[in-house]
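Bear in mind these aren't lab numbers, they're just calculated from the coordinates by the rules spelled out. No experiment lies behind these values; they were computed from the predicted model shown. With ideal geometry, Cβ positions are generated from the backbone for all residues, glycine too; neighbour counts draw on all protein chains shown.
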Amino acid sequence: MSNIWELDYYSRPLLDANNKKVWELLICDRDRSFEWVRECPSTEVNSEWLAKQLTDCANSTGQTPLKIRFFRPSMTNIIMRGCKLAGITGQASRRVFTMSVWLAERMASIYPNRDGFQAVDPNPLPLKVLAAQDPKPIPDALMGEKWISVSLKARDFNDANEWSMDFGELLDISYLDPETIISGLIIISARAAALAAWMSGVDPVFIKFERSLLGDRTQMQLEASADARWILANLLAPKDQTAIAQGAAFEKSKQSSSGFHFLAVQTNPDLEHFAGFWMLKEVI
């Protein structure tokens, strides 16, 4: 069982016998080795009810998670307070890919079969941020010396759990065609350990090569946590034209891999060890 859980506490497209919205709490770990489902009366949608459920869930599984990720901006205060009351660290983050898939499954096969069903929500857990923070440069002391664009096939990740890494997080991509190309970036840094530790703290979600309106500048940005954006590199044409072209190819590759890609941090690309390695996903 993973020590990082994902949570969603929100109303569903269902009405109860009193014509009130049905609220539901879902908790799972990243591997879905356990799933916790509880309905919440609409009169008890509060942090105290949530805290009790979190405590019951931890007692039932015999494990207190390292942290619980969630992404419901309108519920942030209630969820964070509920986690605090239960003695568990809560973290608002878009890195709730497992929960997103689970909710989509429930929207397709569970809720439509329930009394009081209203309509399918095509996007039950929106992970796109409408008002993200302005991108900020990563700390100067952590800037990498260079970055390398690489790619692997989906089948190459079959034994990824055995790879040597100090920090990192993988995702289940076993359902992809084994020949699917997964693009990635390796950041080379003499301070790889410090950079990887920082990356782990900001909760990386996806990488984006963002072109300026004039097309002469491109930023390599790291989207992270709930709404943060970090600048990993600034590219200027024509000096960095090769790197800009690599960025464009990277973006195109994400389109054909369901948004999956990866980020690695190393001191030397020839080493069979990663200071950090993250499988990332952009909602396409």
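May I have the extent of the alpha carbons of the chain along their three principal axes, as whole Å values ordered from largest to smallest?
65, 39, 37
So, R0 is 51 Å and r is the distance between the beta-carbons of SER149 and ASN123; what FRET efficiency does that work out to, to 0.05?
It comes out at approximately 0.95.
Any chance you could run the full-extension gain for LEU170 through ARG38? It's 0.36 nm times the residue separation minus the Cα-Cα distance, nm to one decimal. Don't skip to the answer; put the middle values down first.
Numbers: separation 132, 0.36 × 132 = 47.52 nm, distance 2.77 nm.
Between LEU170 and ARG38, full extension yields 44.8 nm more.
Helix-derived [θ] at 222 nm for the chain: sum -39500 (n - 2.57) over DSSP H runs of at least 4, divide by residue count, nearest 500?
One gets -7000 deg cm²/dmol as the mean residue ellipticity at 222 nm.
In percent, how large is the relative contact order of the chain, given Cα pairs closer than 8 Å and 6 or more residues apart?
Here the relative contact order equals 16 percent.
Mean Kyte-Doolittle of at least 1.6 plus a Cα span of 24 Å or more along the axis: flag which DSSP H helices in the chain meet both, please.
Length and hydropathy pass: none found.
Mean separation of Cα pairs under 8 Å and 6+ residues apart, divided by the residue count of region 4-113: what relative contact order is that in percent?
Averaging sequence separation for qualifying contacts and normalising by length gives 27 percent for region 4-113.
Which whole-number percent is the relative contact order of region 136-281 (Cα, under 8 Å, 6+ apart)?
This gives 31 percent for region 136-281.
Which of the lysines could be linked to LYS208 by a straight reach, that is with a Cα gap under 18 Å, when you skip same-chain ones fewer than 8 residues away?
Answer for LYS208, where 18 Å is the Cα cut-off: LYS128, LYS136, LYS146, LYS252, LYS254, LYS281, listed by chain and number.
Among the aspartates and glutamates, which have Cα under 18 Å from the Cα of LYS21 when same-chain residues fewer than 8 positions away are ignored?
Leaving aside aspartates and glutamates fewer than 8 places away in the same chain, those within reach of LYS21 are ASP8, GLU39, GLU44, ASP115, ASP121.
To the nearest 0.05, how large is the calculated FRET efficiency for TRP163 and ILE284 if R₀ is 25 Å and r is the Cβ-Cβ distance?
E(calc), rounded to 0.05, equals 0.45.
Return THR61, THR242 ranked ascending by Cβ neighbour count within 10 Å, so the fewest neighbours appear first.
THR242, THR61
Please work out the FRET efficiency for the pair GLU179 and GLU210, using the Cβ-Cβ distance as r and a Förster radius of 22 Å; give the result to the nearest 0.05.
0.15
With all distinct Cα pairs included, what does the Kirkwood hydrodynamic radius of region 4-113 come out to in Å, to one decimal, could you say?
The answer is 14.1 Å.
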